[in-house]
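Below is one structure, written out as structure tokens, with a few remarks after it.
The values are calculated or read from the model by the stated rules, or taken from the named source; none is laboratory data. The model shown is predicted, which means the values in this text are computed figures rather than measured ones. Every residue, glycine among them, receives a Cβ derived from its backbone with ideal geometry; neighbour counts consider all protein chains shown.
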Amino acid sequence: MSQVKQDLLNRRAKAVAKGVSTGTVVAVKAEGAIITDVDGKEYIDFAGGIGVVNVGHNNPRVVEAIKKQADNILHTCFHVAMYEEYIALCEKLIEIAPGDFEKRAALFNSGAEAVENAIKIARHATGKQGVMVFENAFHGRTLLTMSLTSKIKPYKLGFGPYAPEIYRIPPAYCYRCPLGREYPTCDIGCADLLSKSFIGRAAAENLACVIAEPVMGEGGFIAPPKEYFPKIQNICRENDILFIADEVQSGFGRTGRMLAMEHWGVVPDLTVMAKSMGGGMPISAVAGRADIMDAPHVGGLGGTYGGNPVCASAALAAIAALEEDNLIQKGAELGDKLVNRFKELQERHAIIGEVRGKGPMLALELVLDPKTKEPAPAKAKELVSYCLDKGLILLSCGNFGNVIRTLMPLVITEEQLEKALSIMDEGLASISQ
């Protein structure tokens, strides 16, 4: 480690709050799928800013849009002086959001803020307070979204009391089925847990919404069977409960589709978007049915920086890159290739208990024994460390911390991908010894 890097780490220790986690990479440049640190070492990025740069680091379209907008307006606050970029992005998002009904959108700053506003909108529109979420879910770190989030450490420990009127049921986690069944002979009984929850957990008459990640992010990249979400949505409709899709991490090409819910053919009442929507800039949105979105009174939604013109311009450019540079199709092809390669790794490395996900949003769940499925969090940590040393940035996740997830930019080159997979193969062999 160079003295320059050590000095920066020392400065970080003295100036930045301990609760803010960081890795040891100190970035000075990022482009495409490569991050260069202060020592000049290049890293292949399989983290993507935690799912933020699907269109690649410093995407030329996004950078140009930022520069152009910065020459005109940096900030006015949309509530004070509106600007076209906010309106244009909302127009684009209601085009992207599923459903052939009339739609509206509103812009915010972060995924957590958008989730929180989606809950506000659902409560106002229905006149009900309860929210049903899933175990293993991650929806953010604010008081309400932290309360929605399942994992205690590190997200909730010591930060209570939590927000009330939040209820939880097990998800469709086939590898560790909460009902001890096997797909496809299970009749998707896990979806029926929602109906059963109306008896002993929360009356349907008090539930404003059910909120779900199409593919669970921090919870372990869990993707339910094709029948699951349609069944959940039907239960919601039968009981006048709104269905909200949290597409913060799974959206904008991450699963080989613009929005992940397309894989299930489900049309949510509201869709939450963020992360890769902004191409690296902080912006988020809620889009959905006009009657629901328009329910809150004037002034009930908003925020000082929500839909900032520079961020909105970046988002429009990022969406253009996805659509016009064929990145969504490339993502689908990348996902197909990764599934095959990860299945090959699974055949050679018994520590991989399951390969799962959608498109290039994939996970390897590491276990000490394929038969007992005992989680291997220490091995996952060891693999992340091994790969980082070799020039590959990986992230672990899951309630047990034993899942390796892939969030590489969709612009990754063939050479970069092959090198990264080779490092992973070597790392898996090393930790399996």
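Brief remarks on what is shown
- The single residue among A208, A163 that is among the small types (G, A, S), in the same structural domain as I94 (by TED's automatic domain parsing), buried (at least 20 other Cβ atoms within 10 Å of the Cβ) and over 20 Å from the mean Cα position of the chain (by Cα) turns out to be A208.
- Y86 fulfils the conditions (1) over 30 Å from L334 (Cβ atoms); (2) touching a helix residue (DSSP H, G or I) at 6+ places or on another chain (Cβ under 7 Å); (3) not in a helix (DSSP H, G or I) except for a single criterion, (3).
- Residue within the range 66-88 that is in contact (Cβ under 8 Å) with a residue 40 or more places away in the chain, in contact with a Leu (Cβ under 7 Å, 6 or more places away or on another chain) and over 20 Å from G307 (Cβ atoms) present: no
- Selected residue (criterion: farthest from E42 (Cα to Cα)) from residues of the range 375-397 that are in contact with a helix residue (DSSP H, G or I) (Cβ under 8 Å, 6 or more places away or on another chain) and part of a loop (DSSP other than H, G, I, E, B): L394
- Scanning the range 369-385 for residues that are surrounded by 15 or more Cβ atoms within 10 Å (Cβ to Cβ) and within 11 Å of I431 (Cα to Cα) turns up A376, K379, A380, K381, E382, L383, V384.
- Test: residue in the range 174-190 that is assigned to a loop (DSSP other than H, G, I, E, B), surrounded by 24 or more Cβ atoms within 10 Å (Cβ to Cβ) and either assigned by TED's automatic domain parsing to the domain that holds E135 or touching a strand residue (DSSP E or B) at 6+ places or on another chain (Cβ under 9 Å) (or both): yes
- P409 meets the stated requirement of being farther than 16 Å from R341 by Cβ, crowded, with 21+ Cβ neighbours inside 10 Å and not hydrophobic (A, V, I, L, M, F, W, C).
- Between L338, L428, L322, L334, the distinction of being part of a helix (DSSP H, G or I) and more than 29 Å from M281 (Cα to Cα) belongs to L428 only.
- All positions within the range 24-60 that are surrounded by fewer than 13 Cβ atoms within 10 Å (Cβ to Cβ) and among the small types (G, A, S): G40
- Among the residues of the range 65-75, just one is over 29 Å from the mean Cα position of the chain (by Cα) and surrounded by 13 or more Cβ atoms within 10 Å (Cβ to Cβ), namely I73.
- Every residue from the range 258-316 that is aliphatic (A, V, I, L, M) and in a loop (DSSP other than H, G, I, E, B): M258, L259, V266, V267, A274, M281, I283, A295, V298, L301
- Some residue of the range 147-154 being surrounded by fewer than 18 Cβ atoms within 10 Å (Cβ to Cβ), assigned by TED's automatic domain parsing to the domain that holds Y228 and free of Cβ contacts under 8 Å to residues at least 12 places away in the same chain: yes
- Matching option when the condition is without any contact (Cβ under 8 Å) to a residue 40 or more places away in the chain, touching a Lys or Arg at 6+ places or on another chain (Cβ under 8 Å) and within 25 Å of A33 (Cβ to Cβ), among S396, S385: S396
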